[in-house]
Each structure stands twice: as structure tokens, then as C-alpha cells.
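Here the structure is laid out as C-alpha cells; the discussion comes afterwards.
The values are calculated or read from the model by the stated rules, or taken from the named source; none is laboratory data. All values derive from a computational prediction rather than experimental measurement. Counting neighbours? That spans all protein chains shown, and the Cβs are built from the backbone with ideal geometry, glycine included. Keep in mind that these areas ignore ligands, DNA and RNA; they rest on the heavy atoms of the full protein, side chains included. Shrake-Rupley method; radii C 1.70, N 1.55, O 1.52, S 1.80 Å.
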Amino acid sequence: LFFTEEDKYGLYSNLLFKYFLAEGIVCGHDLFVASAKEHPDNILKELPAPLLDDSYRKELGDEAAAMKSEDFQDSMKIAWRYQNLPKMETSPTTYTRFGHYYDVSKKMSPELCQSVKLHSFYLHEELPVEPKMKTCNMNSGYARLLQSIQRIISQEGFDGSDPQKKQRNVLRIGIQSLGSILWGDDVCCSDAPEDPQSLTKFLYVLRGLLRKSLSACIITVPAHLIQNKAIMERVTNLSDMVVGLESFIGSERETNPLYKDYHGLVHVHQIPRLNSLICDVSDTKDLAFRLKRKQFTIERLHLPPDLSDTVSRASKQDLAGSTKLLSSGCGAMAIGKKHLDF
Amino acid sequence: QGKFTLLRDTRTDGSFLVHHFLSFYLRAGCKVCFVALLQSFSHYSIVAQKLGVSLAAAKERGQLVFLEGLKSCLDLLFGEEEQPGQPNPLQFLSGSSCDLRALFDFVRVSLGAAAGDSWKGPVLLVDDLSVLLSLGAAPVAVLDFIHYCRVCVCCQLKGNVVVLVHSNEDSEDEENELVVNSLCHHSDLILWAEGLATGFCKDVHGQIKIIKRLSLRQAEQDVVQIYQYKIQDRNVTFFARGLSAAVL
């Protein structure tokens with residue numbers, strides 16, 4: 001259960017959402033798209049087009065090769081202690097091929113879209129029929145969504161209930177802007193929502209459905225609107241992976257020269273620890289994203305060297321504060337705020 | 001015997017402790033009732049296999065009673081009407097009753113001595129209690145449930161109870177903090193897994209504080225021990241603070 005906290009204007013989280021769906025189409029998975037904001041058909045029309053393997057790989061390969069040959073000869077003169085450390089790769093290298101690449105400037109062709117089975121749920125078009133399941137005091141929008149998902153899972157045999165079906169497929173579920181007022185839940189508007197447990201109950205049942213079937217789900221939530229932090233803590237507990245996107249638009253970081261290459265930060269709050277005692281921990285927790293014309297990339301955040309003559313104290317302290325927040329990301333590891341003083 | 005152990009985690013994931021206790025008690029030959037609210041059976045099964053215990057086999061021979069919370073919840077919501085005599089333990093979800101009596105009955109029945117049982121002491125293991133609050137149970141109901149379980153398992157059946165809860169510093173989740181603080185006062189042993197205060201580290205995943213209550217009646221000082229740990233694929237290594245293998 002992949003839980004994404006939306007950035008303020010929803011631009012980048014929407015992009016991540018579309019990437020998830022596009023990957024599903026390219027892999028041949030069935031899709032289920034649910035939204036209360038935009039009609040799912042519109043969402044599906046806007047998926048990025050996949051890049052054909054050869055041309056892009058070659059491009060990436062050339063770039064990487066050029067970089068490597070250049071640096072090999074240089075030996076460091078001043079910071080020679082760092083010579084022995086492995087080179088930091090900012091973006092995934094060519095030989096780690098997991099998933100596909102997409103071109104954000106082009107739309108996916110309708111034929112490719114139609115090649116998989118698409119199911120959609122648009123809240124405002126659903127019939128206001130009393131759901132057959134016991135709602136257990138859950139928001140009716142959520143209850144209907146759950147019922148819809150459960151129906152698809154059992155009808156299409158994603159839970160293995162149909163032994164005749166030889167080829168088992170994966171269902172990718174995408175739920176957009178859950179918890180927003182459009183779903184009928186006021187958890188995003190008020191400090192003391194009427195029914196704070198609807199969202200958490202929904203997530204628990206969804207988790208049950210996902211565990212029981214071959215499906216994966218991405219949810220985006222406008223977390224910046226949720227005043228009640230207790231709900232966010234509970235929600236984090238109930239999800240497998242929690243990622244927050246913070247965009248720089250409109251914040252003072254937009255003009256901060258230290259962040260000039262990037263459009264926002266990626267906070268990884270939790271990574272899944274499934275079927276194992278350990279989880280897959282990467283070396284660094286500082287990640288930032290940027291949206292180039294054709295590509296949306298997530299990279300390790302590396303700060304440009306501080307070359308200015310007048311180093312202002314304010315920006316340094318602010319940066320120190322934010323880097324501490326950055327490196328604390330993962331909820332499965334630790335959060336350190338006060339103990340590093342350099 | 002008759003001990004209540006609280007597993008607590010802050011800023012990190014303490015589920016490795018749950019896996020440890022599960023395989024520990026099964027290997028010791030105890031009858032275990034495991035209320036697993038957060039993960040599926042196969043998750044625990046795969047990890048237990050790495051630790052050398054087979055959950056499926058334990059279930060077969062009646063040593064392990066496994067309540068898969070996620071599955072019960074789905075049965076409650078989407079399944080047909082329940083059969084009488086087999087009430088769903090998570091009945092409080094449907095709103096008909098606001099206490100956790102059905103869950104307690106389930107525990108009591110599973111751990112009650114059945115004919116032909118030759119297991120040593122019964123054990124109740126819960127992972128994790130904070131989920132019950134997210135599902136709509138009131139904190140008082142959760143505390144009542146634990147109280148009833150303690151009376152039944154620890155006092156009457158002379159067994160042990162191990163419960164996992166999450167907590168956070170500066171947590172705004174008051175209900176959760178209420179439950180956690182209350183349980184802390186009632187525990188014989190607290191294992192508190194915390195993430196390092198200085199941030200993420202590859203070689204030291206966190207620190208564990210072991211607080212042993214010497215006596216609940218007298219005001220003796222609790223014994224506190226602190227170790228740091230690193231989790232590996234099949235095993236967790238503990239070491240004294242500052243002495244991780246990476247440093248030595």
C-alpha cells in the first residue's frame with residue numbers, strides 16, 4: 001500500500017500517480033482508477049508515453065560513459081582523502097533496469113491504453129445504492145469504493161478464487177486525493193473531524209483486500225490539509241510505504257540558490273518491511289525531484305558547493321535545519337533533530 | 001510465568017521483537033494465541049521460517065492459534081452472515097457493540113485448556129494494539145480488553161502476555177499515548193525499541209531499552225539496561241552502546 005502525501009498544488013503527486021498507472025499498462029496489468037476530483041477517463045488520457053527501449057537506453061548510456069571516462073583521469077588534489085570513496089551515482093545507472101522510462105511531454109497512445117482492462121470509479125457517477133456490505137460507520141463514499149474494489153477482485157479472479165484462470169495478472173489500483181472534501185470526508189477541513197476513523201478504517205480494509213489478492217495500490221492524499229496529526233500517524237502505521245512530496249513552488253526555498261537545480265524534495269517516511277526482518281535501506285535519505293521537459297527524475301540531493309564570498313548566516317542555519325529534516329526521512333529509522341551540531 | 005511484557009517502539013519498527021517472541025515461545029513448547037492485526041499470515045510465516053520455526057506446522061498440531069485480523073475484517077464486511085457459535089472476533093467494527101468482548105472471548109477460548117493438550121503455559125501475543133484504536137475502538141475499551149486478558153491469561157492460566165504498541169515523542173495521538181502510558185505502568189517488563197536520536201545509521205538500527213519492574217507494589221527502582229542493535233536477515237545482533245562492529 002503506497003501512500004503519497006501530495007504536494008501543495010498536487011502537480012507532482014499527480015505525475016507520480018500517472019507514472020504508476022502507465023507502468024501498469026506497459027506491464028500488462030489491469031488498472032482500477034478511482035477519483036472524486038477528475039473523471040478517471042480524463043486521467044487515463046493523460047498518461048505519459050513509454051519510451052522505446054533502444055533510443056533512450058542508448059542516450060543514457062552515452063551520457064554515463066562520457067562522464068565516466070572523463071573523471072577517471074582526474075585525481076583529486078585537495079580533497080584526496082575522498083578519492084577512495086565510490087563515486088556517487090545521482091541517477092539510476094543503465095544496468096539497473098527495473099521498470100520502464102516515460103516521456104512526460106507525450107501522451108500515451110489510446111491503443112496502448114486499451115490493451116489492458118480498465119476499471120474506473122468516479123464517485124459522482126456512482127449510483128447511490130445502499131452497499132451490500134456492512135458499512136460499519138464508514139463514510140459512504142469510502143464504503144462504495146471498497147465494495148467496488150472487492151467486486152472487481154473477486155469477479156476478475158485476482159484473489160485466486162477462480163481456479164480455471166490460468167494466467168494470473170496483477171491489479172494496479174490508483175486512488176486520487178483520498179480524504180479530500182470531495183469524498184465527503186471532512187478530515188482535511190477541520191481540526192476535529194466528525195468521523196476521524198473513516199479514513200483509517202478504509203485503509204485497514206483496503207490493506208486486507210490487497211494482502212488477499214495480487215494487487216498493488218497507490219493513494220495520494222492532500223496531507224498538507226490534514227490538521228489532525230494523529231490521523232497521519234495512524235495512517236503511516238497502516239501503510240506499507242509512505243512518501244511525501246514537497247514542492248518548492250510558492251515557498252521560500254524556490255529562490256534559495258542551494259536548491260536551484262530541483263523542483264522539490266522527496267521525503268521517505270516509511271519503507272515496506274514485508275516477509276523479512278530487514279527492509280531495503282538505501283545509503284542516503286536525501287532525495288529531491290525535478291521535472292525536466294521530458295522526464296521526471298528523483299535524485300539524491302547534493303548541494304552545490306558554497307562559492308559565494310559573503311556567506312550569510314541565515315541561509316546556512318536554515319539549510320542545516322532542513323538537511324537534518326531531510327536526513328531523518330525514514331520512519332523505520334530514526335529522526336534526529338537536535339544532536340548534530342556541525 | 002504470569003508476566004505481562006510490553007513491546008514498545010518509537011521512531012522505528014519494533015516488529016522484529018514480535019517475530020522473536022513468536023518463535024521463542026513456539027520453540028519452548030508453549031501454546032500461543034497470536035492476534036495478528038497488521039500483517040498477513042504468510043508474512044509471519046516466512047520470517048518465522050528464517051528463524052527456524054514453521055508456523056503452518058504449529059497451527060496443524062494445535063500449538064498456534066492465529067487470528068489474522070485483516071482476513072477477519074474482510075469476512076465481517078464482505079462475507080455472508082456469520083454462523084452462530086462462531087462469532088467474528090472483530091465484531092466491534094460493525095458497530096453493534098463498542099467493546100472488545102468478542103475478541104476477548106476468542107482469546108479465552110483459544111487458550112483455555114482443551115482435552116489432550118500437553119503444552120506448557122499459554123501465551124497471548126498481540127501485534128499491534130495501536131491498530132485497534134485506528135479501527136474505532138475507544139481507548140477505555142482497549143484497556144479493558146487487556147485487563148481481562150491479563151486476568152485470564154496471567155492470573156488464571158498462569159501464562160504470559162506480550163503486546164506491541166507504537167508510540168512517538170511529541171505524538172499528537174492522545175488516545176494512543178493514553179493507552180501506552182497506562183500499559184507501561186502495568187507491565188512487568190518493557191522492551192522499548194527506539195530509533196537513534198542522532199539520525200539514521202546503516203550499522204546501528206536502533207537502541208533497545210529493557211526495563212524490568214522488580215516489584216509492582218513497592219517503590220523499588222526499575223532495572224534499566226540499554227543496548228544497541230542491528231537487524232540482519234536471520235538474526236538481530238545486540239551490543240553495548242557505541243561498540244557496534246562498524247566502529248571497533
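Annotations for the structure displayed:
- Taken over the Cα atoms of the range A:207-253, the convex hull encloses 99 Å³ per residue.
- Rounded to the nearest 100, the interface formed by chains B and A buries 4200 square angstrom of accessible surface, both chains summed, with a 1.4 Å probe.
- Shielding by other protein chains, A:230-238, mean Cβ within 10 Å: 6
- Per residue of B:43-51, other chain Cβ atoms within 10 Å of the residue Cβ number 2 on average.
- Unsatisfied cross-links (Cα-Cα over 20 Å) in the set B:K59/B:K158; A:K201/A:K229; B:K50/B:K230; B:K3/B:K120: B:K59/B:K158
- A:I249 versus B:R234: modelled label distance in nm, points set 7 Å from Cα along the beta carbon direction: 5.1 nm
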